[in-house]
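K.L.:
One structure, pasted below without further comment.
The values are calculated or read from the model by the stated rules, or taken from the named source; none is laboratory data. Keep in mind it's a predicted model, so treat the numbers as computed, not measured. Methodologically, a virtual Cβ is constructed for each residue, glycine included, from the backbone with ideal geometry; neighbour enumeration extends over all protein chains shown. Please note that ligands, DNA and RNA were not included when accessible areas were found on the heavy atoms of the full protein model with its side chains. Shrake-Rupley method; radii C 1.70, N 1.55, O 1.52, S 1.80 Å.
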Amino acid sequence: MSRKKIFSPQKILLTIGLLSGLGLAGCAGSPTWFEPASSNAALITHLGTIIFGIAIAVFVIVESLLIFSVVRFSRKRDGEPAQIEGNTRFEIAWTAAPALILVVVFFLSLQTLTRVAYSPATDPAGAPASANALHVRVVGHQWWWEFDYPDQNIVTANELHVPVNTVVNFDLESVDVIHSFWVPQLAGKTDVIPGHVNHAWFQASQTGTFHGQCAEFCGTEHALMRFDVVVQTSDQFQAWVTQQQAPVATMTGAAAQGEQLFLNGACIACHTINGTKAQGKVGPNLTHLASRSLFAGASFDNNAANLKRWLSDPPAMKPGTQMPNLHLSQSDIDALVAFLTSLK
Ligand code: HEC
Ligand SMILES: [Cu+2]
C-alpha cells in the first residue's frame, strides 16, 4: 500500500497560487496604500515599506535556519544529533535582536506620527501656514458618511470633493458608534468617536478619485460604509461648490409629481432638501443627489434602475440599513425617481 504524500510540492504551489489569486481579486478596485497621492500617505507608505522590508528579512533568516536545521540534523542523515540544552550567548542574541528591531520601528513610527498628525495650516511648528486651507466636518453615521463644508454652506454625503495642492482640515464626529476615517492613498486612519471631535488633515498632490472606507467595525453594514474622495483642480472645485450651493431646480412633469410625493410623504422626516420643508437629518442631504456618482455609503451606482430598487426595498439592497421599506407603489417609485434624478 503506497502512502499518499500530504505535502507534495505541486500541492503547495497550487495552494500558494490560489491564495495569491484570491488576495489579488479581493484588491481589485479597493483602497490601496501602495500609490500614495498626498504628502502624509507618502510618509506612511515609506514607513510601511521599511517595516515590510524588515519583516521579509526576519522571515528569510528564520525560515532558512529552520530548513537548514531540518536537513542538516535529520535523523536519516547522521542518526540522532547531539542533545544540547541552553546557550547563553545565543539566548542573549535572540532576545536583544528583536528588541533592537522593535526600538528602531518604534522611533521610526513616532517620527512619522508626529509629521502626519499636525496640519501645516493649524500647527505653528509645521510648514508655512496656508491661509486658503479648506475646512470639512466629517460625520460618521451607521452606515454612510456626511460631509459638511461650513464655510461654503454645503452638506453632502459619501462623495468628498477637495481641491488639489490645498491643505484640508477635517473635524471628525459621529452620531452613533465609533467609526474610522481612512483614505489609504491620502490619509491614515483616524477614529471617528461620538461625543468627541477628532482631527485629521491631508494635502492631495494629484487629481483623481480615491477610495475611502470605514476602518473600525461599526455593525452590520460596516463593509458598505465607503466613500470616494474626488480631488479636483481649483477651477473644477469652484465649479462644484457653485453647483452645490445652487437652489433646487423647478421641477416639471413626473419630477414635479415626485417632488410633491416627497414633500408630503415620510421622506422629509429623515432627509433634507435645501430651501424646502424637508429638513430631516437622519439620512443624507438629497439637494444635489444626482450630482453624486454613488449612493448608500458609496455602495451602488447612482442611476434610475438602482434608485428604483432602493426605494422599493432598501434593506433588501443593504441589509440593516436605517432607511426602512416604505411599501411605496410602483407609480410612486417611478415619480420619486424622476424627481431624485433631477436633483442635479
Ligand atoms: C426613517 C428615516 C428615513 C425615511 C423615512 C426615508 N429615508 Fe431615505 N435614507 C435614510 C437613511 C438612514 C439613508 C442612508 C442609508 C445607508 O446608506 O445605509 C437613506 C438613503 C436614501 C437615499 C440614498 C442617498 C445617498 O446619497 O446615499 C435616497 C435616494 C433616499 N434615502 C430616498 C428616500 C426617499 C425618496 C424617501 C421617501 C419615500 C426616503 N428616503 C425616506 C433614512 C430614511
Ligand atoms: Cu465601520
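K.L.:
Can you list the equivalent-ellipsoid semi-axes of the stretch 196-240, largest first and in whole Å, using the square root of 5 times each Cα gyration tensor eigenvalue?
P.N.:
26, 14, 10
K.L.:
Tell me, in nm to one decimal, what length is gained between residue 301 and residue 264 on full extension, where the rule is 0.36 nm per residue of separation less the Cα-Cα distance?
P.N.:
Contour length minus the Cα-Cα distance gives 10.6 nm.
K.L.:
How big is the charge dipole of the chain about its Cα centre, in debye rounded to the nearest 20, if each Lys and Arg gets +1 on its Cβ and each Asp and Glu gets -1 on its Cβ?
P.N.:
That gives the chain a dipole magnitude of about 1360 debye.
K.L.:
Measuring from a point 7 Å past the Cα of residue 254 along Cα-to-C-beta, which residues in the stretch 315-344 have an amide N at less than 13 Å?
P.N.:
330-342
K.L.:
When the chain is fully extended, how far beyond the present Cα-Cα distance does residue 52 get from residue 277, taking 0.36 nm per residue of separation?
P.N.:
75.5 nm
K.L.:
Mind giving me the FRET efficiency for residue 83 and residue 196? R0 is 51 Å, r the Cβ-Cβ distance, nearest 0.05 is fine.
P.N.:
0.30
K.L.:
Just to confirm my numbers, what's the Cα centroid distance between the stretch 252-278 and the stretch 26-92 in Å?
P.N.:
60 Å
K.L.:
Express in % the proportion of alpha carbon pairs of the stretch 162-259 at distances exceeding 18 Å.
P.N.:
59 percent
K.L.:
Something else: Run the accessible area of the chain with a 1.4 Å probe and give the carbon-and-sulfur part as a rounded percent.
P.N.:
63 percent
K.L.:
What ranking do 208-221, 45-58, 137-150 get when scored by the average of other Cβ atoms within 10 Å per residue, highest first?
P.N.:
Result, highest mean Cβ count within 10 Å first: 137-150, 208-221, 45-58.
K.L.:
Would you kindly state how much longer the chain becomes between residue 70 and residue 326 on full extension, computed as 0.36 nm times their sequence separation minus their alpha carbon distance, in nm to one decimal?
P.N.:
Once the chain is fully extended between residue 70 and residue 326, it gains 85.5 nm.
K.L.:
Rank 246, 196, 319 by how far each Cα sits towards the positive end of the charge dipole of the chain (+1 on Lys, Arg Cβ; -1 on Asp, Glu Cβ) and give me just the farthest.
P.N.:
Ranked along the dipole, the leading option is 319.
K.L.:
If you take the charge dipole of the stretch 253-340 about its Cα centre, with +1 on Lys and Arg Cβ and -1 on Asp and Glu Cβ, which of 333, 257, 282 is farthest toward its positive end?
P.N.:
282
K.L.:
A further question follows. Using a ≥ b ≥ c from the Cα gyration tensor of the stretch 253-340 (square roots of the eigenvalues), is it rounded, prolate or oblate, where a/c under 1.5 gives rounded and otherwise the larger of a/b and b/c decides, a/b for prolate?
P.N.:
It is rounded, given that a/c, with a ≥ b ≥ c, falls under 1.5.
K.L.:
Something else now. So for the chain, averaging the separation of alpha carbon pairs under 8 Å that are six or more residues apart and normalising by length, what relative contact order in percent results?
P.N.:
Relative contact order comes out at 15 percent.
K.L.:
Let me ask something else about it. For the chain, what D do you get in µm² per second when you plug the Kirkwood radius from alpha-carbon pairs into Stokes-Einstein at 25 °C and 0.890 mPa s?
P.N.:
So the translational diffusion coefficient is about 102 µm²/s.
K.L.:
Could you report the stretch 139-219's accessible area per residue, 1.4 Å probe, as an integer in Å²?
P.N.:
35 Å²
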